[in-house]
Each structure stands twice: as C-alpha cells, then as structure tokens.
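What follows is a set of notes on a single structure, which appears directly below.
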Amino acid sequence: MNDPVLHLDGSALDLVGLYRAAHGTPRIALSQSGLDAMAASHAMVQQAIRGKVPVYGVTTGLGARSTEVLDDKALADFSVQTLRGRAHAIGPEECREIIRAGMIVRLNTLLCGYSGARPELALHLAKCLEADLTPVSGQIGSIGAADLILNATVGLALIGEGQMRDSSGAVGPSSEMMAGQGIPAFVLAPREGLALANHTGAVGGAAALAVYEAQIAFQAAQTAAALSVEGFRANLGPLDAAILAVKPHPGQLKAAAGLRDRLAGSVLADTTQARRLQDPLSFRNVVQIHGTTQSALDQAAASIEIEINSASDNPVALVETGKILSSGAYFTSEISSVVETLSRSFVALAFAQLARVSKMLNPVFSELPSFLAKPNSASNGFAPVMKPAEALVMELAHQAQPVPIWPSVNANGVEDCMTGSPAAVKALMQVVDRLRRLTAIEMLVAGQAVALRACEPGVAPYLNTVLGQVRSLSLAFEQDRPLGGDIEALADHIRDRGLGVFEVMD
C-alpha cells in the first residue's frame with residue numbers, strides 16, 4: 001500500500017504527519033503559494049547582490065567574518081563553500097528516520113518564504129525524499145544555536161558531494177545515488193548554501209519524533225496504570241470528575257478522563273468493590289502524577305509544532321517590507337525547555353510505576369501470593385524482575401537530568417551562547433525507551449495480579465482486550481522462566497502500537 005501524499009505549505013505540518021513521513025516514503029505535494037513566496041524572497045537576494053547591500057551570509061562572510069564583504073569571485077563560490085566548510089558531523093551514523101525528519105522540516109519551513117532560496121531547492125529536496133535517498137551523517141555536531149554542522153553534512157550530500165543511502169540500505173556517493181534515480185546534482189545559487197545549513201531542521205525534526213513517541217509511551221503508561229488498578233482492586237474515588245473539579249489542572253483532568261475511559265465497565269466503579277478506603281499514593285495520586293506529564297506533553301507538542309512550521313533562518317527576507325534582516329530564530333532554547341520539562345515529568349511517573357509494581361508483589365498490600373508466584377511453589381515469581389525495573393528507573397532518572405549550559409567559545413566570541421537542545425532531545429529519546437520497558441513490566445505484573453484474583457469477568461472490557469494482547473506476547477506466569485524476551489516484545493509492541501491496543505484515547 002502506497003504512503004499517502006504529504007501536503008506541505010509551511011504552516012500545517014503536525015507531529016503525526018511528520019512521524020509517518022519520516023518512517024515511510026510518501027509522495028510530497030508542495031503548495032504553490034509557498035513556492036511563489038520562495039521565488040519572491042530569492043528575488044530580494046538577487047537585488048541585494050546587484051546593489052552590493054551588506055547582507056549576512058549573502059554578500060558578507062559568516063560568524064566572526066560577518067564584517068567582511070565578499071567580492072564577485074567569492075560570491076560565485078560562497079554557497080558551496082558554506083557547506084564544505086561546515087560539513088563536519090561526527091559520531092555514530094544518524095538513523096534514517098531522524099535525517100528524513102530534518103529534511104522534511106527544512107522543506108516545510110522553506111515554504112514559509114523567508115529563506116531567500118529558490119523554489120528549485122524545495123523541489124530538489126522533495127525529489128530526494130520521494131526517492132528514499134537519505135544523506136549519511138554523524139549524530140554529533142550541533143549545540144542548539146542552529147544545526148550548522150549536521151545540516152551542512154546533509155546539505156553537502158544533497159548537492160552531490162557527500163554520501164547517501166538508498167532504499168535498500170546501500171551507501172554510495174550521493175551524485176551516483178541521485179543519478180540512479182534520475183535526479184541531477186543540485187547547483188546552488190547565492191544564499192542557498194546557508195539556507196541548507198543555517199536552520200533548526202535537524203533538532204526540530206528529532207524533537208518532533210521524540211515527543212510523538214513520548215505521547216505513545218504515555219498512553220501505554222496510562223493503560224498500564226489502569227490495569228494495575230484492576231489487579232490491585234484499587235479505589236476509583238480519586239478519579240471522580242467532581243473530586244478533580246475542586247482543583248482543575250487541565251493535565252490532570254485530561255489524564256483522569258483517559259483513565260476513566262480505560263476503566264469503563266469495571267466492577268470497581270462501585271466503590272464498595274475496592275479493597276481499601278485509601279490506597280498507597282502510587283494508586284491514589286496517579287491522576288496528579290500522570291496529569292503533570294500530560295501537561296508537559298501538551299506544552300511540548302505545541303512548542304515543537306510551532307518550530308517545524310516556522311522560519312528559523314538567519315537572515316530573514318521580509319518580502320512585505322523589502323528588507324533582509326538578521327534574526328535569532330535559529331536559537332532553540334524553547335525546545336530545550338519543553339523537552340527537559342517533559343523528561344523530568346517522566347521521572348515521577350516512572351517511580352510511581354515502580355511503587356505500584358512493588359505493592360502488587362507484596363502480600364501485605366495486595367493480599368495475593370508473595371511476588372505473584374503460583375501458590376505452593378518454590379518460585380520467587382516476579383521478585384527478580386524488580387532488579388531490571390529499578391535499573392530502568394535509575395537510568396531514566398539519570399537521563400532526565402538537565403543539559404548543562406555554559407557560554408560558548410565559538411567564532412572568536414561572537415557566538416557566545418548555546419541551548420544544548422540536541423543533547424536534551426537525545427536524552428528524551430532514551431527516557432522514552434526506558435519508559436516503554438518499565439511499562440511492559442507493569443503490564444506483565446498487573447496482568448498476573450488480575451489472573452490470580454480470577455477477576456476477569458469484572459475487569460473493564462478495554463483492559464480485557466489489553467490483557468489478551470499482553471498474553472499473546474507473554475503467557476501467564478506459571479513457573480520460573482526467563483522474562484527478558486517477553487518484556488522486550490511487549491515494549492516493541494508499545495512502540496509500534498500493534499493492533500491499535502495502545503491507540504491515543506484522547
């Protein structure tokens with residue numbers, strides 16, 4: 001089945017659309033109004049060159065050399081030189097999806113019409129994406145004040161001087177890879193080298209993928225919490241809408257609604273069925289804990305969607321006023337802030353998961369066999385699984401620490417600030433990765449608790465469906481066996497949203 005068409009106009013790209021396009025190979029439709037806006041801004045660049053008007057990165061040098069005016073010969077080579085002089089990405093090769101996400105974001109933001117690049121550049125990017133040609137680049141090189149090094153490495157491949165991977169995974173010179181798809185090497189015009197290098201597409205695209213995956217992981221964590229409520233036979237009073245209305249934080253209201261949806265039809269709706277008047281805080285305060293993450297997710301998604309639909313160029317060509325002005329839009333402190341806030345919110349959520357699991361394994365709290373082992377057996381049940389669970393929480397909490405920021409020493413002191421957003425985004429990806437595995441453990445434990453209580457007939461229908469999916473990947477625990485493969489399989493299922501079980505329910 002062919003991927004759907006991805007329509008780009010510089011204003012309507014969302015996290016879902018970007019995620020699907022980055023992982024697939026859609027046909028791409030570019031808005032004519034966006035292409036026209038690009039043509040108008042490039043005409044301003046040409047006019048500035050003819051009039052010898054000082055414009056950063058067009059008729060002057062870059063960084064510490066921005067005060068130097070370029071002569072005619074230098075202007076002719078400057079776009080290519082801009083990429084060659086900055087294509088220094090290092091480290092492990094970046095994955096296909098993240099490179100593609102960055103390319104799609106740059107393509108979309110070019111259509112905002114502020115870059116001074118020609119429409120031909122956007123069309124060339126679209127052809128490479130549709131042909132599933134992915135530039136080869138290392139992961140390391142950006143400090144969050146534009147992604148110059150990463151973008152230049154990708155940009156150099158797009159003009160035929162770097163390397164690309166094709167749809168089969170083979171690597172070769174980009175000029176040969178493009179020629180094999182009938183795409184000629186692109187010849188840059190003035191300003192276009194900088195348009196390919198000086199923007200936030202790399203970190204913006206990566207952040208969009210990370211936040212989208214965080215949304216899915218959170219929905220799975222909501223489902224795991226609801227399943228734990230069933231397994232523990234917890235009191236649903238704290239989920240009551242009237243109770244929550246006395247302090248109506250939006251994230252809490254939204255998280256509570258999602259939990260109530262999952263628990264709809266449970267016998268626990270009758271609060272006399274609960275085993276306790278007040279449960280441990282990891283159950284009683286799940287709305288407050290998850291609500292904080294929900295708020296952080298909403299803020300992060302809103303901020304990242306602004307980023308991937310806005311110009312991050314320097315300079316900016318304002319067609320309406322006829323001016324080309326320096327800009328600070330390449331500075332990604334907003335990304336750092338929302339991403340780190342989101343990562344930190346997952347720490348409390350993860351500790352609550354660990355606490356719920358421990359309570360279900362403890363007969364003093366659960367009134368079930370110790371460690372949820374089969375009665376009258378010599379098994380320690382799920383007790384050993386607490387060690388990898390605690391290891392996951394430790395790693396997650398460590399990865400959620402803020403990225404240190406200090407004055408940059410770049411460009412002889414001209415570029416003296418940074419944001420650290422690329423490191424913060426990578427950390428969020430690791431946080432989400434650990435969270436999926438921890439959620440898988442909670443689901444296995446909660447499922448075992450439900451099975452030992454033999455309470456499936458009173459379990460919410462949605463959660464019974466979830467239990468069926470869990471048991472298709474991991475049978476109920478009868479005797480000691482290695483569970484690492486089961487945990488990994490369920491974590492992968494969460495990531496891939498298999499069969500819609502973990503669909504977003506908002």
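Overview of results
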{"read-out": "1 or more residues touching a residue at least 60 places away in the same chain (Cβ under 8 Å) and over 30 Å from residue 122 (Cβ atoms): qualifying helices (runs of 4 or more DSSP H) within region 168-260", "value": "201-232"}
{"read-out": "Subset of region 385-399 (residues that are surrounded by 14 or more Cβ atoms within 10 Å (Cβ to Cβ) and either farther than 21 Å from residue 343 by Cβ or in contact (Cβ under 8 Å) with a residue 60 or more places away in the chain (or both))", "value": "385, 386, 388"}
{"read-out": "Enumeration of residues in region 5-35 that are in contact with a helix residue (DSSP H, G or I) (Cβ under 8 Å, 6 or more places away or on another chain) and either at positive phi or without any contact (Cβ under 8 Å) to a residue 24 or more places away in the chain (or both)", "value": "10"}
{"read-out": "Those residues of region 401-450 which are assigned to a loop (DSSP other than H, G, I, E, B), among the polar types (S, T, N, Q) and either modelled with pLDDT of 95 or more or in contact with a helix residue (DSSP H, G or I) (Cβ under 6 Å, 6 or more places away or on another chain) (or both), in sequence order", "value": "401, 419"}
{"read-out": "Of the criteria (1) touching a strand residue (DSSP E or B) at 6+ places or on another chain (Cβ under 8 Å); (2) farther than 30 Å from residue 199 by Cβ, which one residue 417 fails", "value": "(2)"}
{"read-out": "Residue 175 vs. criteria more than 27 Å from residue 443 (Cα to Cα), open to solvent by 30 Å² or more (accessible area, probe 1.4 Å), polar (S, T, N, Q) and at pLDDT 95 or above", "value": "yes"}
{"read-out": "Test: residue in region 179-191 that is under 29 Å from the mean Cα position of the chain (by Cα) and among the hydrophobic types (A, V, I, L, M, F, W, C)", "value": "no"}
{"read-out": "Hits in region 28-41 (condition: surrounded by 14 or more Cβ atoms within 10 Å (Cβ to Cβ) and either modelled with pLDDT under 95 or within 29 Å of the chain's Cα centre (by Cα) (or both))", "value": "28, 30, 31, 34, 35, 38"}
{"read-out": "Looking only at region 453-470, and only at residues there that are aliphatic (A, V, I, L, M) and farther than 20 Å from residue 487 by Cα, the one that is modelled with the lowest pLDDT", "value": "454"}
{"read-out": "Residue within region 220-237 that is farther than 30 Å from residue 104 by Cα, among the small types (Gly, Ala, Ser) and surrounded by fewer than 24 Cβ atoms within 10 Å (Cβ to Cβ) present", "value": "yes"}
{"read-out": "Single match in 295, 343 (criterion: under 30 Å from residue 11 (Cβ atoms), touching a His at 6+ places or on another chain (Cβ under 8 Å) and among the polar types (S, T, N, Q))", "value": "295"}
{"read-out": "Residue count for region 95-111, restricted to those that are surrounded by fewer than 24 Cβ atoms within 10 Å (Cβ to Cβ) and more than 13 Å from residue 18 (Cβ to Cβ)", "value": "2"}
{"read-out": "Search result, residues across region 451-465 that are surrounded by fewer than 20 Cβ atoms within 10 Å (Cβ to Cβ) and not in a helix (DSSP H, G or I)", "value": "454, 455"}
{"read-out": "Residue count for region 256-265, restricted to those that are open to solvent by 30 Å² or more (accessible area, probe 1.4 Å) and closer than 15 Å to residue 459 by Cα", "value": "4"}
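The values are calculated or read from the model by the stated rules, or taken from the named source; none is laboratory data. Keep in mind that this is a model prediction, so the values were computed, not measured. So basically every Cβ, Gly included, is an ideal-geometry build from the backbone, and we count neighbours across all protein chains shown. For accessibility, only protein heavy atoms count, side chains too; no ligands or nucleic acids. Shrake-Rupley method; radii C 1.70, N 1.55, O 1.52, S 1.80 Å.
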